[in-house]
Amino acid sequence: MVKNEEDIIESFVRYNLRSIDHMFIADNLSTDGTADILQTLIAEGLPLTLTTDYDQALKQNDKMTAMYRDAFRKHSFEYVFLLDADEFLDLDRDEMISLRESHGGATAYYVKRVNFLYGGEIPDGENLSIFDIMSIPDTIPATDKSMIFHEAGKCGGFKIGNGNHHVRDWSRTEPEVSVKPEKDFALIRHLPLRSVEQYMRKSLLGWFALQLREAGVNAAKQTVGSHWRTQYRLILEQNCKVDAETMISNVYGNSYADRSGLRDAPTIDFDLKYEHLMRRQSITTQLARMYETTIDNMWAQTPS
């Protein structure tokens with residue numbers, strides 16, 4: 001599932017197709033160049049299936065579960081990685097296949113994930129990639145994600161959890177499906193904060209989408225995506241005037257230097273071709289477009 005990820009979507013596709021055979025992507029009414037870039041990648045011949053998610057509410061668990069079930073009804077596959085657009089997979093395919101051969105399918109495994117710290121803005125005119133800027137891992141451990149060893153006829157009850165962190169099957173006596181592998185066979189590089197603009201977009205649009213998910217989340221003591229609520233409130237308190245220093249303070253507090261690990265930049269063997277399709281909309285424009293679509297949907301569902 002993606003929304004307004006034009007700054008990273010081409011890198012996401014090209015990088016991850018080095019490890020996986022086909023990508024299923026649902027675009028959640030992006031107003032920037034995300035969908036245009038994806039359509040152009042498909043026209044290039046890359047193995048992508050693109051659908052549109054017309055529900056602005058962030059119901060990631062339900063939507064990802066529905067996508068997974070729809071995919072296995074229409075396609076044949078053996079494994080599924082559940083990735084966000086800011087996640088980049090490094091896979092030891094031989095180790096993964098060995099694990100499946102020894103333990104079988106119809107199960108899910110946790111995949112180690114490493115967050116990478118914000119590394120500054122890419123200067124205008126500089127020929128740098130996002131991987132050049134975001135190459136410092138966060139020493140604070142990140143929450144693992146899940147992948148699935150699919151087996152036809154045995155995974156129909158699998159339900160993907162929020163954030164793709166776990167898989168459960170409530171029809172089982174022991175519903176927890178995700179388990180830790182005996183040996184890691186994959187690593188996910190997570191690039192959550194890539195620029196001040198992207199931080200603002202993720203925090204504001206993301207929290208609005210969570211408010212559309214269910215009532216009362218602003219006042220709830222505990223809620224899905226509470227970290228986004230925290231950033232949303234800080235940004236409003238700062239009158240939406242956020243620079244790099246302010247963002248670092250909001251997200252990392254005083255611990256940024258202490259959390260910086262040793263540089264770990266991946267090997268990149270592809271070029272980006274479609275940066276010219278980026279629309280580079282302002283935050284105000286993106287918010288207005290989301291508000292407009294939400295109002296249109298609200299009236300469409302109101303009995304006349």
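The values are calculated or read from the model by the stated rules, or taken from the named source; none is laboratory data. Nothing here was measured: the structure is a model prediction, and the numbers come from that model. As a convention, Cβ positions derive from the backbone with ideal geometry for all residues, glycine included, and neighbour counts pool all protein chains shown. Surface accessibility is based on the protein's heavy atoms, side chains included, excluding ligands, DNA and RNA. Shrake-Rupley method; radii C 1.70, N 1.55, O 1.52, S 1.80 Å.
Being basic (Lys, Arg), in a strand (DSSP E or B) and either modelled with pLDDT under 90 or under 25 Å from ASP264 (Cβ atoms) (or both) is the filter here; which residues of segment 131-184 pass it?
LYS145
Considering ALA26, ALA57, which residue is open to solvent by less than 10 Å² (accessible area, probe 1.4 Å), part of a loop (DSSP other than H, G, I, E, B), of a type in the set (A, V, I, L, M, F, W, C) and closer than 19 Å to LEU212 by Cβ? That would be ALA57, the only listed residue that is open to solvent by less than 10 Å² (accessible area, probe 1.4 Å), part of a loop (DSSP other than H, G, I, E, B), of a type in the set (A, V, I, L, M, F, W, C) and closer than 19 Å to LEU212 by Cβ.
Considering every residue within segment 226-247, establish whether at least one is touching a residue at least 60 places away in the same chain (Cβ under 8 Å) and open to solvent by 40 Å² or more (accessible area, probe 1.4 Å).
To start, the set of residues in segment 226-247 that are touching a residue at least 60 places away in the same chain (Cβ under 8 Å) comprises 244, 247.
Imposing the further condition that a residue be open to solvent by 40 Å² or more (accessible area, probe 1.4 Å) reduces the set to none.
Among the residues of segment 226-247, not one is touching a residue at least 60 places away in the same chain (Cβ under 8 Å) and open to solvent by 40 Å² or more (accessible area, probe 1.4 Å), which makes the answer no.
Of the candidates LEU187, LEU128, the single residue that is open to solvent by 40 Å² or more (accessible area, probe 1.4 Å), assigned to a strand (DSSP E or B) and under 26 Å from ARG263 (Cα atoms) is LEU187. When ASP62, ASP84 are checked against the criterion of being assigned to a helix (DSSP H, G or I), open to solvent by 30 Å² or more (accessible area, probe 1.4 Å) and under 21 Å from LYS159 (Cβ atoms), ASP62 stands alone in meeting it.
As a summary of the residue check, THR284 satisfies the conditions (1) assigned to a loop (DSSP other than H, G, I, E, B); (2) open to solvent by 50 Å² or more (accessible area, probe 1.4 Å) except for the one numbered (1). The residue list ARG263, ARG194, ARG201 contains one member that is in a loop (DSSP other than H, G, I, E, B), among the charged types (D, E, K, R) and within 17 Å of the chain's Cα centre (by Cα), which is ARG194. Selection over segment 138-149 of residues that are buried (at least 21 other Cβ atoms within 10 Å of the Cβ) and farther than 13 Å from THR65 by Cα gives a count of 1.
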